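Chemist: The structure follows.
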Amino acid sequence: MSVAFQNRHVLEDHISGFEAAANPNHLAVVRRPVIFSVLAKAGDEDWVLAGLKVIDDVSVRNTGPREWLVVSETLGAESVARDLFGLDPARVSFFEQSDGRVLLRISGPNVRRILAKCVAVDLHPQVFAEGQSANMLCCHVSANVARTGADCFEIILPRSYAGSVFEEIMEMGREFALTAAFVD
């Protein structure tokens, strides 16, 4: 007996029915991001971070002491893994998290007001600078939040909680006409 698996995003059923045209406040779900967890050996964090920052077409997200998420929307997992293998294996460990994580991108003029209902962190531009990221609770779920633009944030969270976080963010953004759609 053969089994055929269908590749469906965990939020596929949650997004159906939302309007296709994005409003100024918009929640985009990245369909197939590549996400790796990277861990540095004690004392090698500066060397590893410098090596991660020179990899093309990835963004590096701080998650804790000697630990980062490496994210790409343009490269495949094999390409990112090849670049990570180029780092000294005695100094760094990494593993792919793409299937277990969901990437949400929320943007718009009211993004901070929406996220203020979901996170207990000050997201003011003078406090949470562009390019900064941190682990925090988002809608009571452990997530990594990164500021990627003037009014744009990305949230990486576990796949198993994506539906409840998505629904809560949409509810928090209702007064600002928050829309949602997939980004391919």
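Chemist: Consider a paramagnetic label point 7 Å from the Cα of His140 along Cα→Cβ; state which residues of region 150-180 have an amide N under 12 Å from it.
Modeler: What the label zone holds, given the 12 Å backbone N cut-off, is 164-165, 168.
Chemist: Magnitude of the Cβ-charge dipole of the chain, K/R +1 and D/E -1, about the Cα centre, nearest 20 debye?
Modeler: Using only the charged Cβ atoms, the result is roughly 200 debye.
Chemist: Using alpha carbon centroids, what distance separates region 108-156 and region 46-78, in Å?
Modeler: What the calculation gives is 19 Å, centre to centre.
Chemist: Among Ser79, Ser164, Ser133, determine the one that fluctuates most according to a GNM of the chain built with springs between C-alpha atoms less than 10 Å apart.
Modeler: Between Ser79, Ser164, Ser133, it is Ser79 that shows the largest mean-square fluctuation.
Chemist: I would also like to ask the following. How much accessible area per residue does the chain have, counting only protein heavy atoms and a probe of 1.4 Å, in square angstrom?
Modeler: 53
Chemist: Which length gain, in nm to one decimal place, applies between Asp88 and Ala21 when the Cα-Cα distance is subtracted from 0.36 nm times their residue separation?
Modeler: Going from the current span to full extension adds 19.5 nm.
Chemist: Still on this structure, please answer the following. For the chain, I need the span (max minus min coordinate) of the C-alpha atoms along each principal axis, in Å, sorted largest to smallest.
Modeler: 58, 50, 27
Chemist: Amide H neighbours of Thr63 under 5 Å, at least 5 residues apart or on other chains, H built in the peptide plane: list them.
Modeler: Counting only residues 5 or more places away or on other chains, the set is Trp68, Leu69.
Chemist: Mind listing the phi-derived Karplus ³J(HN,Hα) values for region 158-163, rounded to whole Hz, using 6.51, -1.76 and 1.60 with θ = phi - 60°, and x for any glycine or proline?
Modeler: x, 4, 5, 9, 4, x
Chemist: Which distance in nm do the two modelled labels at Phe176 and Leu123 give, with both placed 7 Å along the Cα-to-Cβ direction?
Modeler: About 0.6 nm, to one decimal.
Chemist: Using amide H atoms built 1.01 Å from N in the peptide plane, name the residues 5+ places from Thr148, or on other chains, whose amide H lies under 5 Å from its own.
Modeler: Here Gly131, Phe153, Glu154 satisfy the definition.
Chemist: Could I ask something else about it? How high is the relative contact order of the chain, in percent, with contacts defined as C-alpha pairs under 8 Å that are six or more residues apart?
Modeler: Relative contact order, the chain: 31 percent.
Chemist: So, R0 is 22 Å and r is the distance between the beta-carbons of Gln132 and Ala50; what FRET efficiency does that work out to, to 0.05?
Modeler: 0.75
The values are calculated or read from the model by the stated rules, or taken from the named source; none is laboratory data. Bear in mind the structure is a predicted one, so any value in this text is a computation, not a measurement. Because the Cβ atoms are built from the backbone with ideal geometry, glycine has one as well, and the counts that use them run over all protein chains shown. Accessible surface areas use protein heavy atoms only, side chains included; no ligands, DNA or RNA. Shrake-Rupley method; radii C 1.70, N 1.55, O 1.52, S 1.80 Å.
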